[in-house]
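Each remark here refers to the structure printed beneath this line.
Bear in mind these aren't lab numbers, they're just calculated from the coordinates by the rules spelled out. A quick note: this is a predicted structure, and the numbers were derived from the prediction, not measured. Cβ coordinates were reconstructed from backbone atoms using ideal geometry, including for glycine residues, and neighbour counts include every protein chain displayed.
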Amino acid sequence: MILKRISIINYKNLEQVELDCSPKINCFIGRNGMGKTNLLDAIYYLSFCKSASNPVDSQNIRHGEEFFVVQGFYEQDDGSPEEIYCGLKRRQKKQFKRNKKEYPRLADHIGFIPLIMVSPSDAGLIAGGSEERRRFMDVAISQYDREYLEALMRYNKALTQRNVLLKQEEEPDAELMDVWEEAMAEAGEAVYRKREAFVREFIPIFRSYYAYISQDSERVELTYRSHAQRGALLDVIRESRAKDRIMGYSLHGVHKDDLEMQLGDFPIKREGSQGQNKTYLVALKLAQFDFLKRTGSGTCPILLLDDIFDKLDASRVEQIVKLVAGDNFGQIFITDTNRDHLDKILRKTEGAYRLFAVDCGTVTPYDEEGNA
C-alpha cells in the first residue's frame, strides 16, 4: 500500500496542505514546533482512525476553526486506487469513509492500511506504566488479527461492567458478577494466547535489530508477564473478588499484562543510557514493522520515523540509515531538524524520494537543486 497524495485542512497547526508523495522516501525538515510531527500524525490518523498523540478528536481541530478534514489517496499493490476520508465538525460525530462509503464501525478499518510509527513519545514504553507496553502489543496484533481486536473489545466491555458492580455500595448481584467474570475470562484467555504467541515470535526479530544497530555491543531481553500464566483466568479473577470489592476495581486480568524490558540482567528503565534506551525503542518498532510485514495483510506497512536520530551516537545513526535505505522497507516518511541525517539516507538509496520544508504549518517541496 502506497500513499500517493494527502490532503489536509485545519488539522492541528496545518491550515491547508496538499502533498504528492514519493513511493519510497519522504523527508520533512524544519525546526521544532513547525508541524512536522502533525503531518505524520495525519497519516497515522488515516490508518488508525485517531491521533497518535491526542485521543480527544475535537482538540485536533486547528484553533479558531470548526472542522478538520484529512484525505488520503492510496494505491494498492495491484495498482487499484483507494480513497480514505476522515472529517470532523465540532460537536458532531466523526465521519470515516473508504471510497466514499462510511464504515459502520471504525474497528472495521483497522489493519487495512498497516502502519508503524517511531517517535519520541515511544519513550513511555520504557519509562511509563504497563498500559503503554500493552498498547504496543495491541497496536501490532490488531493490525493483522481481527479476532484479537474483537476479543480485546469484548474483554474491555466485560471489565467495565464488572468494575461498575464492584463500585456499588450494596452487595452486587452474584449471578450478574458471574456472567461478567466468565465473559472476562473467555475473552481474556483469547487475548493472552495471541499476545503470548506474538511475543514469542517477536523476540528474536527484536534482538536481531538491536544487535545490528548497536553492533552487538549489548544484550537485551524482553519478557511477557500475565496473570493468565498463573492458571485458569476465571479462577484467578474469582479468587480476587473480595479484594477487588474493597478496592472498587479489578486487580487481576489481562488488563494488567506487562512486558519486562531488560538490558543485560537489569531493567533498562534503571540501567540504560539515553542512547541505549533510544536504540531499544527503535529496535522494538523496526521489529514490529518486520513482524507486521511477514504476518499482516500481505502489503508492506508504511513507516513513519519522527525525529529518531536524537540522542544516538554517529555509529548507531549510521546503522539505522543503512537499514531504512535498504530494500526491506517500503514507503517511509521521516522528520528531522538536521538535514545532514536525511542527506545521508538519500545518498544511500537508489529509489525515489521527495524532500519538503515545514515552517509554521506550511509545507514546501524542495526543488531539484535542493532549495525550498
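Tabulated data for the structure shown
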quantity	calculated
Rounded Å value of the spacing that divides the Cα centres of the stretch 301-372 and the stretch 118-158	27 Å
Nitroxide proxy distance, nm - points 7 Å out along Cα→Cβ at Arg230 and Ile246	1.4 nm
Along each principal axis, Cα extent of the stretch 138-283, largest first, Å	59, 32, 23
DSSP-loop trypsin sites (Lys or Arg not before Pro) across the stretch 185-262, with at most 14 other Cβ within 10 angstrom	Arg219
Rough spin-label spacing in nm, given labels placed 7 Å along Cα→Cβ, for Lys101 and Ala352	2.8 nm
Assigned charges on the beta-carbon of Lys, Arg, Asp, Glu; the stretch 187-307 dipole about Cα centre (debye)	400 debye
Anchor Lys100: aspartates and glutamates whose Cα lies under 16 Å away (excluding residues fewer than 8 positions away in-chain)	Glu75, Glu82, Glu83, Asp108
Cubic angstrom per residue, convex hull over Cα atoms of the stretch 253-293	96 Å³
Length-normalised contact order of the chain in % [C-alpha pairs under 8 Å, at least 6 apart]	25 percent
Taking N as its residue count, the alpha carbon Rg of the stretch 258-372 over 2.2 N^0.38 Å	1.22
Globularity index of the chain, i.e. its alpha-carbon radius of gyration over 2.2 N^0.38 Å	1.06
Exposed-loop-free span, longest in the chain, where GluC sites (Glu not before Pro) count as exposed if DSSP calls them loop and at most 14 other C-beta atoms lie within 10 Å	171-349
Sparsely packed chymotrypsin sites (Phe, Trp or Tyr not before Pro) within the stretch 195-264, loop by DSSP, other Cβ within 10 Å at most 16	Tyr249
Magnitude of the charge dipole, the chain, Cβ model with Lys/Arg +1 and Asp/Glu -1, debye to 20	320 debye
Out-of-range pairs (alpha-carbon distance over 31 Å; input Lys94/Lys157; Lys256/Lys293; Lys89/Lys269; Lys157/Lys285)	Lys89/Lys269
For the stretch 1-53 and the stretch 73-87, distance of Cα centres in Å	16 Å
Loop-resident sites, the stretch 1-97, for trypsin sites (Lys or Arg not before Pro), counting at most 16 other Cβ within 10 Å (DSSP)	Arg31, Arg90, Arg91, Lys93, Lys94
Spatially proximal aspartates and glutamates relative to Lys243 (Cα-Cα < 17 Å; intrachain offsets below 8 disregarded)	Glu169, Glu170, Glu171, Asp173, Asp178, Glu181, Asp235
Residue-span extension gain [Lys311 to Arg339] - 0.36 nm each, minus C-alpha spacing	8.5 nm
MRE, 222 nm, helices only [DSSP H, n ≥ 4, -39500 (n - 2.57), over the chain, to nearest 500]	-13500 deg cm²/dmol
